[in-house]
Amino acid sequence: MTRPLRIGVVGVGALSIRAVIPHLACDDIADHVVLAALCDPVVDRANDVARRFGVEHAYASLSDMLEADVIDAVTVVSPIGLHYEHVRDSLLAGKHVHVNKTMTTTVAEADEVIDLARSRGLALIASPGEVLRPQVTAIRELIRSGAIGQPAWGICGCSFDAYHEAEPERDGGPGGGIDPRWYFRSPGGGPMWDMTAYALHQLTAILGPAQRVSAMSGQVVAQRSYRGEAFTPEVDDNTVALLEFQGGVFIVAHGTAAGWTTDQFGATTFYGTAGTLEGVLLNGEPIDFPGRELTTHAPVTDWEAQMCVLPHVTGPHRDIPESHVFEDVMQMVDEARSGVRSAASAEHARHVIEIIECAYRSARTGATGELTTTFEWPAV
Ligand SMILES: NC(=O)c1ccc[n+]([C@@H]2O[C@H](COP(=O)([O-])OP(=O)(O)OC[C@H]3O[C@@H](n4cnc5c(N)ncnc54)[C@H](O)[C@@H]3O)[C@@H](O)[C@H]2O)c1
């Protein structure tokens, strides 16, 4: 393909307004991709954002956007529980797809969309592309080279406070507030899908596929509020899983209503017989990785600064939030245009989905689950 890929955004909510649309509206990528359309059932918001960012088309639904035939690809930025349907329908309409985490909420759905993409020769890229980060490759190399001796166990995960309810984009504007309550409903609600997915992508990019999972899960915060109105969450907000990897390495992975195990978002702390790796710190000292000099203006805990090393995060993209999501969209653009597979694969996302699905099943049944999915794991 020589002309720019025409992309449509599915869902004009907090992440789209803060990051996806500002990134895709930048001129520096115009040779590769053009932001052609938006869709959202809150059509006043879609129209307003389209006007502000100079996007030609805005629609009230994905089906309208697909029928209009003004796009070659989509980026799915809708609530997680709708991702399966939006990815499937876009692939069926012959569009390349990037989807935010998590791609689906069951392995069966993931299998279906992967088969669809592969059989139709369409790109399907799933966030978060943690595997793309040179930091993650460096951590994998250090562990393999014995920098911490024999790895024994580790801990990762993310905590889920009230940040979605308080995001500034949610307050108002045309169409009213952007309702975050889906983050607390099934399917797709709860910190494992929304937050721990980052840690699990990074962890499995380092150690490879997990083998077994057991978990406990429950709810801590029984009432939450959005714009002063109380609501009752319907999903667990306190899940702790235990994962087994090859070589008998055990990792605790949490998605909880309180507490962080490391200051580095999504990172694992690995304990070995001869040392500790906590994110990009080896025994407390920063590790080296290609492009590290681009990150040293900020503490290692600065998630955005750590993303400056990603291949498409250059120029204006370093100053726009959530540049890792932009990187993942550009992986889809490159794969669609060149046919060369990205490492940010849907198969990797399916494995993380299986871990979370299995963790919830284990919490319900008390049984440890054996994992069956795998993905191409980059050789160092
Ligand atoms: N908010 C964040 O900080 C953040 C960061 C990284 C990734 N993400 C991911 O981005 C995605 C969206 O999250 P968000 O926080 O922006 O959600 P949001 O609730 O702010 O926005 C979702 C948007 O989707 C729209 N929508 C609902 N049904 C739709 C449909 N049938 N078709 C099209 N649009 C529909 C809603 O009207 C809303 O505008 C999720 O996958 C989330 O995990 C969010």
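Among the residues of the range 58-67, write down those that are surrounded by 21 or more Cβ atoms within 10 Å (Cβ to Cβ) and within 10 Å of the ligand (Cβ to nearest atom).
Y59, L62, M65
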Going by the conditions given, is Q135 open to solvent by less than 30 Å² (accessible area, probe 1.4 Å) and either away from the ligand (no atom under 16 Å from the Cβ) or not assigned by TED's automatic domain parsing to the domain that holds V249 (or both)? yes
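Among the residues in the range 341-351, are any in contact with a Gly (Cβ under 6 Å, 6 or more places away or on another chain) and either polar (S, T, N, Q) or on the phi < 0 side of the Ramachandran plot (or both)?
Among the residues of the range 341-351, at least one is in contact with a Gly (Cβ under 6 Å, 6 or more places away or on another chain) and either polar (S, T, N, Q) or on the phi < 0 side of the Ramachandran plot (or both), which makes the answer yes.
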Given the conditions (1) open to solvent by 10 Å² or more (accessible area, probe 1.4 Å); (2) closer than 24 Å to E322 by Cα, and given that V99 satisfies all but one, which numbered condition is not satisfied? (1)
If V70 satisfies all but one of (1) within 12 Å of the ligand (Cβ to nearest atom); (2) assigned to a loop (DSSP other than H, G, I, E, B); (3) of a type in the set (A, V, I, L, M, F, W, C), what's the number of the condition it fails? (1)
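Quick grid of which residues meet (1) in contact with a strand residue (DSSP E or B) (Cβ under 7 Å, 6 or more places away or on another chain); (2) farther than 19 Å from T204 by Cα; (3) of a type in the set (S, T, N, Q); (4) at pLDDT below 95:
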{"site": "I143", "(1), (2), (3), (4)": "yes, no, no, no"}
{"site": "W153", "(1), (2), (3), (4)": "yes, no, no, no"}
{"site": "P174", "(1), (2), (3), (4)": "no, yes, no, yes"}
{"site": "P180", "(1), (2), (3), (4)": "yes, yes, no, no"}
Is it true that P41 is open to solvent by 50 Å² or more (accessible area, probe 1.4 Å) and within 14 Å of the ligand (Cβ to nearest atom)? yes
Quick check on the range 100-122: of everything there that is among the aliphatic types (A, V, I, L, M) and in contact (Cβ under 8 Å) with a residue 40 or more places away in the chain, which residue is nearest to the ligand (Cβ to nearest atom)? M103
Has the range 22-37 got at least one residue that is outside the structural domain of D171 (by TED's automatic domain parsing), under 20 Å from E169 (Cβ atoms) and within 11 Å of the ligand (Cβ to nearest atom)? no
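Residues checked against (1) assigned by TED's automatic domain parsing to the domain that holds I206; (2) under 22 Å from A30 (Cβ atoms); (3) open to solvent by 10 Å² or more (accessible area, probe 1.4 Å):
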{"position": "H317", "(1), (2), (3)": "no, yes, no"}
{"position": "V325", "(1), (2), (3)": "no, yes, no"}
{"position": "R337", "(1), (2), (3)": "no, yes, yes"}
{"position": "V340", "(1), (2), (3)": "no, yes, yes"}
{"position": "A349", "(1), (2), (3)": "yes, no, no"}
{"position": "A359", "(1), (2), (3)": "yes, no, no"}
Can you confirm whether the range 294-317 contains a residue that is assigned to a helix (DSSP H, G or I), among the polar types (S, T, N, Q) and farther than 20 Å from G149 by Cα? yes
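The values are calculated or read from the model by the stated rules, or taken from the named source; none is laboratory data. What you see is a predicted model, and the numbers here were worked out from it, not measured in a lab. Neighbour counts are summed over all protein chains in view; Cβ atoms, including those assigned to glycine, are modelled from backbone coordinates with ideal geometry. Note: areas computed on protein heavy atoms with side chains; ligands, DNA, RNA excluded. Shrake-Rupley method; radii C 1.70, N 1.55, O 1.52, S 1.80 Å.
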